[in-house]
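What follows is a set of notes on a single structure, which appears directly below.
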Amino acid sequence: MNHYRELRRALARRLGPRALIHLEGGRSVPRNFDVDYVFRQNSDFLYLTGVEEPGCHLVLEPKSGREILFVPRVDSHHRVWEGHVPSPAEAKTLFGVDRVMYADELKKVLGRRAVAPKARLRDALDELRAIKSEGELALMRRANEVSGAAHRAVMAATRPGMREYEIQAVFEAECMKAGMRHLAYPSIVAAGVNGAVLHYRRNDAVLRAGELLLIDAGAELKGYAADITRTFPADGKFSRRQRDVYQIVLETQKDCIQAARPGVVSADLHVRSMRRIAEGLKSLGILRGETDGLVEGGAVRLFYPHGLTHMLGLDVHDTTGGKKRKMPNPTKVPVRFVAKLEPGFVITMEPGIYFIDALLRDPALRRKHKTSVDFAKVESFLDFGGVRIEDDIVIRPEGPPLNLTSVPKEIAEVEAACAR
Ligand code: GLY
Ligand code: MN
Ligand code: MN
């Protein structure tokens, strides 16, 4: 409760004594006829209150320090079908706010008073949410521990012949057994060629012997995400070719993790990862030419078409930190997340190498990159799928970051975790 109170106070300070802050929580969303989707609270609302009920509001008055939480007034019909909803008196002790009223009393309180413009509130929240407090870090550490254990359980349980969704069930059951009912995003469980689909969601194919399994999955705790990817062989032993590609991704990831320090620009780290991957693909005879040209000309992007890193928090692709932190991209490659890293940022590190049909068979791209890419060699990799390795790290004031993710990733460790 203190944790949330501190964050509300920080927001009130940021917006100044004249502001009146009104934040609406999420509402239930219909799925079909009279069935709603499982409710997920609005991230800003979770940030400030931890309240996971739909239909709430929050009003903060920095000048007086007044805080009012508004909860929905429900009738006995609602209680019969949906069960108990905290009354104002219960909500007061449950959520540690000074005052709780019914949502239908909101107008009475706000009256005609002007609330802080949405853009100002948005920016203040983005600024604050970028730096994780000790309380937030504790939640994120725990979400990562449980997700990590679930990834290890998946490595131990996976066998050729299983459907991707059976493997998904192993992951999700482990999270639930540990008390985490919600996932941070839909699990990506991709066998063989499906590993080359970046946000693969079907999860219904059979994993075959000789294939890799790529699993990108994480639990959520009080809204805080873990975002972890591992790639491992269906039969527990990497083939020569799998080992070669995996090792390039692994070395790239470890190199970028140790380089993630305060003041480093995220886009520069991305270029660093592209260079490592270009050099690795050259060593496999897939790319040829100067590394700079391969990176700036876009040939590497055929095999690594996503960012190295993004912010992580209440949203799996979390806020990039508000207007104050906006800066021009200092690199020659397009990248979405451009910011100077600061202590308290939690970010992912997730390089990958993929053999994506839609890119590698595209006639225009083949013409464009014909001198940089050995497309005959690429042909033999079109059944490969992809490798991604993703950990979640905290930037520290000095030295290398703290890695929240503890799941085997060295080849020998992965093979041991898959041992049968
Ligand atoms: N799981 C989505 C991502 O890695 O960004
Ligand atoms: Mn990610
Ligand atoms: Mn991910």
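If I ask for residues that are in contact with a strand residue (DSSP E or B) (Cβ under 8 Å, 6 or more places away or on another chain) and in a loop (DSSP other than H, G, I, E, B), which ones from the stretch 211-237 would you list?
Residues satisfying the conditions are GLU211, GLY218, ALA226, ASP227, ALA234.
How many residues are in contact with a Pro (Cβ under 9 Å, 6 or more places away or on another chain) and either under 11 Å from GLU61 (Cβ atoms) or without any contact (Cβ under 8 Å) to a residue 60 or more places away in the chain (or both) if we restrict to the stretch 10-28?
13
Kindly list the number of the only condition in (1) away from ligand 1 (no atom under 16 Å from the Cβ); (2) touching a residue at least 24 places away in the same chain (Cβ under 8 Å); (3) surrounded by fewer than 21 Cβ atoms within 10 Å (Cβ to Cβ) that fails for ASP315.
It fails just one condition, (1).
Could you tell me which residue of the stretch 251-265 is least open to solvent (accessible area, probe 1.4 Å), considering only residues that are out of contact with any Pro (no Cβ under 6 Å at 6 or more places or on another chain) and within 16 Å of ligand 3 (Cβ to nearest atom)?
Per the stated criteria, the residue is CYS256.
Tell me the residue from SER372, SER380 that is out of contact with any strand residue (DSSP E or B) (no Cβ under 8 Å at 6 or more places or on another chain) and over 30 Å from ALA138 (Cβ atoms), please.
From the options SER372, SER380, the qualifying one is SER380.
Please specify each residue of the stretch 354-366 satisfying the condition of being away from ligand 2 (no atom under 16 Å from the Cβ) and in contact with a helix residue (DSSP H, G or I) (Cβ under 8 Å, 6 or more places away or on another chain).
PHE355, ILE356, ASP357, LEU359, LEU360, LEU365, ARG366
I'm trying to understand the selection: among the residues of the stretch 118-138, which are surrounded by fewer than 21 Cβ atoms within 10 Å (Cβ to Cβ) and within 17 Å of the chain's Cα centre (by Cα)?
Of everything in the stretch 118-138, those that are surrounded by fewer than 21 Cβ atoms within 10 Å (Cβ to Cβ) and within 17 Å of the chain's Cα centre (by Cα) turn out to be ASP126, ILE131, LEU137, ALA138.
Just checking, how many residues over the stretch 386-414 are buried (at least 18 other Cβ atoms within 10 Å of the Cβ) and either among the β-branched types (Val, Ile, Thr) or within 16 Å of ligand 1 (Cβ to nearest atom) (or both)?
15
Please go through the stretch 351-383 and give me each residue that is within 23 Å of the chain's Cα centre (by Cα) and open to solvent by 20 Å² or more (accessible area, probe 1.4 Å), ordered by number.
ILE356
Consider the stretch 170-222. How many of its residues are within 25 Å of ASP315 (Cα to Cα), more than 16 Å from ligand 2 (Cβ to nearest atom) and among the aliphatic types (A, V, I, L, M)?
7
For a quick check of your reading of the model, give me the residue pairs whose first member lies in the stretch 342-360 and is of a type in the set (A, V, I, L, M, F, W, C), whose second is more than 16 Å from ligand 3 (Cβ to nearest atom) and in a loop (DSSP other than H, G, I, E, B), with beta-carbon atoms closer than 6 Å and at least 6 apart or on different chains.
PHE345/ILE395; VAL346/LYS132; ILE353/PHE303; PHE355/PHE381; PHE355/LEU382; PHE355/PHE384
Being open to solvent by 50 Å² or more (accessible area, probe 1.4 Å) and either within 16 Å of ligand 3 (Cβ to nearest atom) or farther than 18 Å from TYR165 by Cβ (or both) narrows it down to one residue among ARG230, ARG208, ARG241; which is it?
That would be ARG241, the only listed residue that is open to solvent by 50 Å² or more (accessible area, probe 1.4 Å) and either within 16 Å of ligand 3 (Cβ to nearest atom) or farther than 18 Å from TYR165 by Cβ (or both).
Please go through the stretch 1-40 and give me each residue that is among the acidic types (Asp, Glu) and in a strand (DSSP E or B), ordered by number.
GLU24, ASP36 - these are the residues of the stretch 1-40 that are among the acidic types (Asp, Glu) and in a strand (DSSP E or B).
The values are calculated or read from the model by the stated rules, or taken from the named source; none is laboratory data. Note that this is a predicted model, so its numbers are computed, not measured. Note that we place each Cβ from the backbone using ideal geometry, even for glycine, and neighbour counts take in every protein chain shown. Side chains included, ligands, DNA and RNA excluded: accessible areas come from the protein's heavy atoms. Shrake-Rupley method; radii C 1.70, N 1.55, O 1.52, S 1.80 Å.
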